[in-house]
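The values are calculated or read from the model by the stated rules, or taken from the named source; none is laboratory data. As the structure is a computational prediction, the values presented were derived from the model and not from experiment. Glycine gets a Cβ as well: all are built from the backbone with ideal geometry, and neighbour counts include every protein chain shown. SASA here: full protein model, heavy atoms, side chains in, ligands and nucleic acids out. Shrake-Rupley method; radii C 1.70, N 1.55, O 1.52, S 1.80 Å.
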Amino acid sequence: MSENSNQFLDALKQMQGVEVGDIVDVEVLDIEDGQIDVGVENAGVEGVITRREYTSDRNADLRDLVKPGDKFKALVLRRAGGDKENGEFFFSVTRLKEREAYDKLQKDFEDGNAVEGTVTSSVRGGLIVDVGTRGFLPASLISNRYVSDLKPYIGKTMKLKITEIDPNKNRLILSHKDLVEEEREEAFDKVASQLVVGDVVEGKVSRLTNFGAFIDVGGVDGLVHISEISYKHVDKPSDVLKVGQDVKVKVIGIDNDRHRSALSIKQTDPSPLEQATADLNEGDIFEGEVKSLTNFGAFVEVADGIQGLVHVSEISNKHVDKPSDVLKVGQSVKVKVLNIDPSDRRISLSIKAADSNASSENHNSRPRRSRNENSVNKKYMSDNDNGFALGDIIGDQLKDRK
């Protein structure tokens, strides 16, 4: 069969009719107010394309977009009533583009690819995004942080992930949050691989909340809990920090599974206990004032605002039922430093060990002191017994020194 015969058969096949849902080649015949008159090539069929089926711009002048003789593909929407042979059809260019867009988006969805879209408007609950077709970006999926104002996003081009797609229902749900989380996790892994707990690094305050401050370290945010901002009492992080401020932080925890890091500002400086006891050593004997009495011992001031504990067993070589039986608040006593534990913020003292006469009579050397230290450790250095920490020692004094 000759080439001319094949061309004739193809033309004849096309002349046999146009079906709804077909994609056909059309030629512009005329432009009227609000519609384009077209004819299907080699089919002897004519129809119209309304403005909304050619462009999403409802105010567009079709004469600025097409002219007679232009040719392009269109989707056959439906048959219209009429007396013309083969009837008259309505065609659509926008729905053809949407169908083609959905085909590409479906593949991107299956492959897990990101797509790019431009935000065209905001609606209740989210944003409308043009990704070749109309998609919806819920407000909860815009960012990994709460977004209250949607208007600044209008007109912006964003990279997005497809979370749900259904061409039959014309349903396309998008997410920017998923990409933000992926990028954050990648950045965290890169930064975390270069950090270890105990490192002191430079950072910048990126965000303040009621419970702490987020610090940007190498492009990744870590949290400084409000309790780790200062050794002094802090009511609100914004009272002592501001966004954009450069700060020095210590890495106190890294959670690789949850991609989070815990930081501390206060631990980059010596604690009040460390500062106050810098010149204090185990074995030192000095005069101190009894600041308070409890059933398990007496707190004696060892430096300005810092107190150590004389356990009831370390008050005297004689049995003491209650510290208040032999001591009183404000009394000056001689004490010996048994133990300084900066990590647990504890200082253990002894009155009886400071008594040189008692020491020489009962110890000669130091075996009893060693036993007493063990006793003290068991009785009140334990977290489960009569323990104490910096809060017990200082009380509200730090609050008064803000």
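Just the number, please: Stokes-Einstein D of the stretch 122-220 in µm²/s, Kirkwood Rh from C-alpha pairs, 20 °C, 1.002 mPa s. Present the calculation step by step, with values, prior to reporting the outcome.
On the way: Rh = 15.9 Å.
Diffusion coefficient, whole number: 135 µm²/s.
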- Query: For PHE214, what is the net charge nearby, where nearby means another residue's Cβ is under 11 Å from its Cβ and Lys, Arg count +1, Asp, Glu -1?
  - Reply: +2
- Eligible aspartates and glutamates near LYS169 by straight Cα distance, threshold 19 Å, same-chain separation 8 or greater: GLU53, GLU98, GLU100, ASP103, ASP108, GLU110, ASP130
- For the stretch 14-155: accessible area per residue (Å², 1.4 Å): 59
- Set of lysines with alpha-carbon distance to LYS232 below 23 Å, sequence-local pairs under 8 removed: LYS204, LYS242, LYS248, LYS250, LYS266, LYS291, LYS399, LYS402
- Task: Determine how large the accessible area of LYS97 is when every protein chain is in place; take a 1.4 Å probe and give Å² rounded to the nearest 10.
- Result: 110
- Query: What residues qualify as long-range amide H neighbours of ASP199, i.e. H under 5 Å apart, gap of 5 or more or another chain, H built at 1.01 Å from N?
  - Reply: VAL251
- Extension gain ASP189-THR268, at 0.36 nm per residue separation less the Cα-Cα distance, in nm? 26.1 nm
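Leaving ligands, DNA and RNA out of it, rank HIS225, HIS311 by accessible area with a 1.4 Å probe, largest first.
Values: HIS225 85, HIS311 10 Å².
So, going from the largest accessible area down, we get HIS225, HIS311.
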- What order do ILE162, ILE254 take when sorted by accessible area (1.4 Å probe), most exposed first? ILE254, ILE162
- Message: Quick check: at a probe of 1.4 Å, how many percent of the accessible area of the stretch 197-340 sits on carbon and sulfur atoms?
- Response: 45
- Note on the structure: If amide H atoms are modeled at 1.01 Å from N in the peptide plane, then the residues at a separation of 5 or more from THR120, or on another chain, having amide H under 5 Å from its own are ILE128, VAL129, ASP130, GLY155
- Message: Quick check: Cα centre of the stretch 256-285 to Cα centre of the stretch 101-174, how many Å?
- Response: 48
- Message: I want to check a number: in the stretch 46-131, how many lysine pairs have alpha carbons closer than 28 Å, given a sequence separation of 8 or more or different chains?
- Response: 10
